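**Q** Here it is, the structure in full.
The values are calculated or read from the model by the stated rules, or taken from the named source; none is laboratory data. Nothing here was measured: the structure is a model prediction, and the numbers come from that model. Please note: Cβ atoms are built from the backbone with ideal geometry, for glycine as well, and neighbour counts cover all protein chains shown.
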């Protein structure tokens, strides 16, 4: 996760705000699911007001910002700095953790959304996956997680790819 976050952040010499960072990560994850049936990072996305947010990454950045939350994030936060509500990479990502497919999807999302206003990105991320989670929240506030199948469907994954992702999730759950 850290390598992927640093990879995105290194494209923003002037720092990147949370919304833009999270949306680029979300759209790269979505494209990767649609094309390859796999996630780039194992972070869970939650539906919040400004769109999907990667849970672990957000919590770690809140800690770095000085908010005291439970958890140990020292390793994840080394190489990341927060100043004036922007996130900066202060070290290079370990490219051993980023595959060629990961890099292609990340590069495409960075190129496509780098100059887009964060709040426009927020609106763009209010897709069907986010909408389903927001509906579930009305019944139970703890049901705000966005499933990877819903992310893939929102990205227009084929039924065959959705079946592939579902089968992988079934196996993963059985082995955990």
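**Q** Of everything in segment 93-120, what is without any contact (Cβ under 8 Å) to a residue 60 or more places away in the chain and either more than 17 Å from residue 5 (Cβ to Cβ) or in contact with a strand residue (DSSP E or B) (Cβ under 7 Å, 6 or more places away or on another chain) (or both)? Give them in sequence order.
**A** If the condition is that a residue be without any contact (Cβ under 8 Å) to a residue 60 or more places away in the chain and either more than 17 Å from residue 5 (Cβ to Cβ) or in contact with a strand residue (DSSP E or B) (Cβ under 7 Å, 6 or more places away or on another chain) (or both), then 100, 104, 111, 115, 117, 120 are the ones that fit.
**Q** Failed condition for residue 149, given (1) in contact (Cβ under 8 Å) with a residue 40 or more places away in the chain; (2) out of contact with any strand residue (DSSP E or B) (no Cβ under 6 Å at 6 or more places or on another chain); (3) surrounded by 13 or more Cβ atoms within 10 Å (Cβ to Cβ), with all others met?
**A** Going through (1) in contact (Cβ under 8 Å) with a residue 40 or more places away in the chain; (2) out of contact with any strand residue (DSSP E or B) (no Cβ under 6 Å at 6 or more places or on another chain); (3) surrounded by 13 or more Cβ atoms within 10 Å (Cβ to Cβ) one by one, residue 149 breaks only (1).
**Q** Right, another one. Tell me, please, whether a residue that is free of Cβ contacts under 8 Å to residues at least 60 places away in the same chain and assigned to a loop (DSSP other than H, G, I, E, B) can be found in segment 167-175.
**A** Checking segment 167-175: not a single residue is free of Cβ contacts under 8 Å to residues at least 60 places away in the same chain and assigned to a loop (DSSP other than H, G, I, E, B).
**Q** Which residues, counting only those in segment 1-23, are closer than 22 Å to residue 134 by Cα, touching a strand residue (DSSP E or B) at 6+ places or on another chain (Cβ under 8 Å) and crowded, with 21+ Cβ neighbours inside 10 Å?
**A** 21, 22, 23 - these are the residues of segment 1-23 that are closer than 22 Å to residue 134 by Cα, touching a strand residue (DSSP E or B) at 6+ places or on another chain (Cβ under 8 Å) and crowded, with 21+ Cβ neighbours inside 10 Å.
**Q** Another question, then. Within segment 132-153, does at least one residue satisfy the condition of being assigned to a strand (DSSP E or B) and within 19 Å of the chain's Cα centre (by Cα)?
**A** There is at least one residue in segment 132-153 that is assigned to a strand (DSSP E or B) and within 19 Å of the chain's Cα centre (by Cα).
**Q** Name the residue that is modelled with the lowest pLDDT, counting only residues in segment 79-112 that are in a loop (DSSP other than H, G, I, E, B) and surrounded by 15 or more Cβ atoms within 10 Å (Cβ to Cβ).
**A** Step by step, filter segment 79-112, then rank; the result is 79.
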